[in-house]
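> Structure in C-alpha cells, see below.
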Amino acid sequence: MAGSKVKIWVGLGAYVLASGAGTALAQTSDADYSLHGKHGVQMAQAATHGGHGGEGGEGGEGGEGGEGGEAGESQALAGLSKEQAYLANISMIRGHLNVGNELYAAGKTNDALPHFLHPVEELYGELKEVMDEKKVPAFKSDLDKLSGMVKRKVPAQQVQEQTEVVLTRLTEATSVIPANTLSDPAFALPVVVGVLRTVTDEYTEAFEGDTIANPVEYQDSLGFARVANAMVELMTPALTTKDADAANQLREQMNTLLTTWPAVTPAKKAVRSASEVSALVSRIEFATARLR
Amino acid sequence: MRPLAVLILLTALAPLPASAGKPLDRATASVLADFVRPTTVPYPDSNPYSKAKVELGRKLFFDTALSGDGTRSCATCHAPVSGWQDGVARHQALDGTMLGRRTPSAQDGAWGELFFWDGRAASLEEQALGPVQSVLEMNQTLDGMVRTLEAKPEYSGLFAGAFPENPKITPDTVAKAIATFERSLVSGITPFDRWVAGDDKAISREAKRGFDVFTGQAGCVSCHSGWQFTDHAFHDIGLPSDDLGRGAIIKVPELNHAFKTPTLRNVADRAPYMHDGSIDTLEGVVEHYRSGIVQRPTLSPDLPRIDALSDRDIKDLVAFLHSLSPDPATAADSLTASAPSATDASDTLTIVQKNKQFSERHVHISAGQALTIENHDTRAHNIQVFSENLEFNSGYQEPGEHVSLPFTQAGTYHVFCGIHPKMKLQVDVK
C-alpha cells in the first residue's frame, strides 16, 4: 500500500513539476491578493487585478448553504485573480485525486468515492470560465470516466491509470498560463495561501465538537495540504534565492502542518484542533508575505 | 451500490405483509409455489439455536482478535453494508496480492449445502475456522486465537452463556457460535417475495416478463431454482478463468471449471459478479450467457443456448433480477442488536433526501430501531456515519435507492453525505 501511495504522490509531484519547474524566474506579476481577518491575519487589501476577485463559488453548485464544497468556499479564494483561482481549483482536484487514490488502493473504495466525485461535481465547473477563455479542451468526460470506474469498483490499477490520464489533462489545463507566471512566487504563493485557507475551512468542517465526525472533510484538507506543500517544495529554489531564512521557515511550518494528518483515515481524536490548524495556517501566511 | 437490507430473525421469519392488490391467477400461482420464502430458519440438532450463541457469534464475527496481526475480522470482507461481502472483485490478501476468488455473501447460509465456491466445506461450522487459519486471509493459529480471546475478559461470560454445559473457549465453540450467528443472517423481503405471496402489483410488468424469460426460454431456472435461486450444485458456465473449481477438490476432470451456483437474492446489490468478480454488471452477466461462453467439454449440460433472446428479453430479465432486492420497509440491517420480531421489522423511521437536503435535520429514535433514508433526489448521495459506536458508509446511493442504518446503542450520531457535505442529520438514539 505504501508503494501505491508513493506512486500517486510522485505522479502528482511530477505533474506539478512539469508545469512549474525549469522556467526562469520571471519578473513580478502584479496579481493581487488579500488576506482576510478570519484567518487571524489582516493585511491591506490590494486593488484587484483584472477586476476579478476570485468569486469562485458563483455559478457553481457552491456558496453558503448550498453544496458547501470547497468550490463554494469563495471566501478562501477571495482576492485571487481569475487565473490564480483557476490554478487553486486545479490544485484541489489534484488533492482529491491524491487522497482518493490512496483510499482506493487501500481497498476503502466507498471512502474513496466522494474524492472522485467532487472534482467533477464541484470543481470542474469552477474552471469553465478560464478554460473557455483560453480554449482549453474540455476533459469532463475523463473525470466522469474515472468516477464511473470508482463507482463500479474496478481494480485499483485501472483507477490509477485513469488518474494519470486526468493528471495529464490537468497539466495541459495549467499550461495555458505562461510558465514564467506560474513559477513566480508573487503569483503562486497567493494560490498556495488560498488552498491552505481552504484546508482550514475543510478541517474545521470535519469536527463535531471535539471529535472528528466527517472523514471526507478531514481527507479533503489532507489532500489540499499535500498539494500546497508540493507547490511550496517546487518553488523552494526560487524562494531560497529571495530570502533563504524565510524560505526555510515556510518549509518547516508546512512540515509541521502536515503532521496534523497521521493517516488518511482519521482517528476520532484529532492531533490538532481546528483553531490550532487555523493558527498554523496564519503563521504560514505571514511567512509567505516576506517571500513574494 | 445499495447496501443490502437484511433481517436478523429468531427462528421465525417475518411473515409477508397481507397481500395488497389483485390476487394472482392460478397458473402463475402454481409456478410461483417453488419460490416461496420459508418462514423458519433451520438450525442443526448438533448446534441448536440460542440467542446467547448468536450474540457471541456476532461479537466474534466482528472481532479482529481472530486475525494474527489484529487487523481483520470476518466483517472486513463480509461487510454488512455491502450485503455481507465486500463489493470488490477480489479482496486484498495479507501479503498484498489478491485473493483468488471473490468474497461471497455470508447471508442465507442456513440453507446452504456445501460452502465456498468449490464446495470444499461441508458446514458453516467447518467453514468458520478456514479463513482464520488461512495465511492470506487472517493468518491466525487456532491456539493463538484461543489465547487472544481468553485474554479478553468480556468473553468468559459470553461463552458461559452460550455453552452452559461446556463453557470453554475452544476452536469448536468459536466455530459453533459463528455458524449460529451466520444462520441468523437472512435476506430481507423483496418485491418478488411479495409477488409470490400474492400481491400482483409488487413488481413491474417488465419484471414479470423477465421472470417468464428466466423460467422459460432462457432456462436460467434449471440452475437458479427455488426461493434462493440456486440448486446448490456446481456448473461450468464457460467463464474464461483458469480456476478449476470443484474439479480440483474432488479430482473429477469433468467438473473442472465448475463453481457453486450463487443465490440471486439481492443480486443487483452485489456487483461485481462470478467467482472471480470478472463481470461488473447484470447486463454483462446476461451478455455472457448470450454471447460470451467459452466452449469446452466441461460445460454444464444445463446451460441453454440463449443467443436468440431479443434485447427486450434481456432488459426484462435484468428488471426481474432487480426485483430480488429487499424492500425499504423491511430493511432493518442485521447489525441490529436485538433480533426484530415480526412486528418490529417495520420499526423503522424513514426520511428522504431531496434537493440536496435531508427531510429532517434532527431525529430521535430508540436503540434497536433502524433509520431508513430514501433518495428522492435527482442526484446520487453517499450516506456516512463516523462515530464511536457506528461507522457506516453506504457507497454510491443512486436516486430511488434507500439506505438503512442500524442504531444499536444510545448516543448522538452525525449522519452526513460524503458527496454533499452540507447535508447533515443528527440522530439521537435513546
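The values are calculated or read from the model by the stated rules, or taken from the named source; none is laboratory data. Just so it is clear, the model here is predicted, and its values are computed rather than measured. Note that each Cβ is placed from the backbone with ideal geometry, even for glycine, and that neighbours are counted across all protein chains shown. These accessible areas exclude ligands, DNA and RNA; they are computed on the full protein's heavy atoms, side chains included. Shrake-Rupley method; radii C 1.70, N 1.55, O 1.52, S 1.80 Å.
> Kindly identify residues of the range A:200-230 having a loss of at least 20 Å² in accessible area between the isolated chain and the assembly of all protein chains, probe radius 1.4 Å.
Residues shielded by partner chains are A:205, A:208, A:213, A:214, A:215, A:216, A:217.
> Then there's this: Working with all protein chains in place, sort A:135, B:176, A:108 by solvent-accessible area computed with a 1.4 Å probe, largest first. Spell out each step's value before the answer.
Values: A:135 165, B:176 50, A:108 80 Å².
Putting A:135, B:176, A:108 in descending order of accessible area: A:135, A:108, B:176.
> Leaving ligands, DNA and RNA out of it, work out the accessible area of residue A:211 with a 1.4 Å probe and give it in Å² to the nearest 10.
Ignoring ligands and nucleic acids, residue A:211 comes out at about 60 Å².
> What nm value, rounded to one decimal, do you get for the distance between residue B:281 and residue B:249 when each label is placed 7 Å out toward the C-beta?
Label-label distance for residue B:281 and residue B:249, simple model: 3.2 nm.
> Looking at the calculated P(r) for the range B:73-181, what percent of the C-alpha pair distances fall above 20 Å?
On the way: 2652 of 5886 pairs.
Tail fraction, whole percent: 45.
> Given R₀ = 60 Å, what would the calculated FRET efficiency be for residue A:135 paired with residue B:64, taking r from the Cβ atoms and rounding to 0.05?
On the way: r = 54 Å, r/R0 = 0.90.
In this case the efficiency is close to 0.65.
> Note down, for the range A:148-188, the three equivalent ellipsoid semi-axes (square root of 5 times each alpha carbon gyration tensor eigenvalue), biggest first, whole angstrom.
The three semi-axes for the range A:148-188 are 32, 9, 7 Å.
> Evaluate peptide A:109-118: per residue, the Cβ atoms of other protein chains within 10 Å of its Cβ; return the mean as an integer. Walk me through the numbers before you get to the answer.
Details: counts 8, 14, 7, 1, 9, 9, 1, 0, 7, 4.
Mean number of neighbouring Cβ atoms from other chains: 6.
> Report the label-to-label distance for residue B:134 and residue B:242 in nanometres (one decimal), using points 7 Å from each Cα along the Cα→Cβ vector.
About 1.9 nm, to one decimal.
> Once the piece of chain linking residue B:142 and residue B:113 is laid out straight, how much longer is it, given 0.36 nm per residue of separation minus the C-alpha distance between them?
Using 0.36 nm per residue and subtracting the Cα-Cα distance, I get 7.9 nm.
> Follow-up question, since we're still on this one. For the pairs B:208/B:354; B:152/B:176; A:128/A:153; A:268/B:424; A:82/A:145; A:151/B:201, note any where the Cα-Cα span goes beyond 23 Å.
B:208/B:354; A:128/A:153; A:82/A:145; A:151/B:201
> For a Förster distance of 30 Å, can you work out the FRET efficiency between the beta-carbons of residue B:40 and residue B:204, rounded to the nearest 0.05?
Efficiency at R0 = 30 Å is approximately 0.50.
> With labels modelled as points extended 7 Å from the Cα through the Cβ direction, what inter-label distance (nm, one decimal) is found for residue A:108 paired with residue A:290?
Distance between the two pseudo-spin positions: 3.7 nm.
> Suppose R0 equals 56 Å. What FRET efficiency, 1/(1 + (r/R0)^6) with r the Cβ-Cβ distance, do residue A:271 and residue B:308 give to the nearest 0.05?
It comes to 0.30.
> To continue, here is another question. Any chance you could run the full-extension gain for residue B:165 through residue B:410? It's 0.36 nm times the residue separation minus the Cα-Cα distance, nm to one decimal.
Result for the pair: 84.9 nm of gain on full extension.
> Across every pair of different alpha-carbon atoms, what Kirkwood hydrodynamic radius in Å does the range A:130-248 reach?
Computed over Cα pairs of the range A:130-248, the Kirkwood hydrodynamic radius comes out at 16.9 Å.
> Indicate the residues belonging to the range B:403-422 that lose 10 Å² or more of solvent-accessible heavy-atom surface (probe 1.4 Å) upon moving from the chain alone to the assembly of all protein chains, ignoring ligands and nucleic acids.
B:414, B:416, B:418, B:419, B:420, B:421, B:422
> Let me ask something else about it. Once A and B are treated as a pair rather than alone, how much accessible area drops out, both sides summed, in Å² to 100, probe 1.4 Å?
2500 Å²
> I would also like to ask the following. Just by accessible area at a 1.4 angstrom probe, what is the order of A:285, B:165 from largest to smallest? Let's see the in-between values first.
Values: A:285 0, B:165 145 Å².
Largest to smallest exposure gives the sequence B:165, A:285.
> On average, how much area does the Cα convex hull of chain B cover when viewed from any direction, in nm²?
Taking a quarter of the hull surface, the average projection is 21.4 nm².
> Per-residue mean of other chain beta-carbon atoms within 10 angstrom of the beta-carbon, peptide B:392-398?
The shielding value for this peptide is 4.
> Which residue fluctuates most in the GNM of chain B (Cα springs below 10 Å): B:323, B:187, B:387?
Of B:323, B:187, B:387, the most mobile in the Gaussian network model is B:387.
> Taking the Cα centre as origin and putting +1 on Lys and Arg beta-carbons and -1 on Asp and Glu beta-carbons, what dipole magnitude results for the range A:131-280, to the nearest 20 debye?
My answer is approximately 440 debye.
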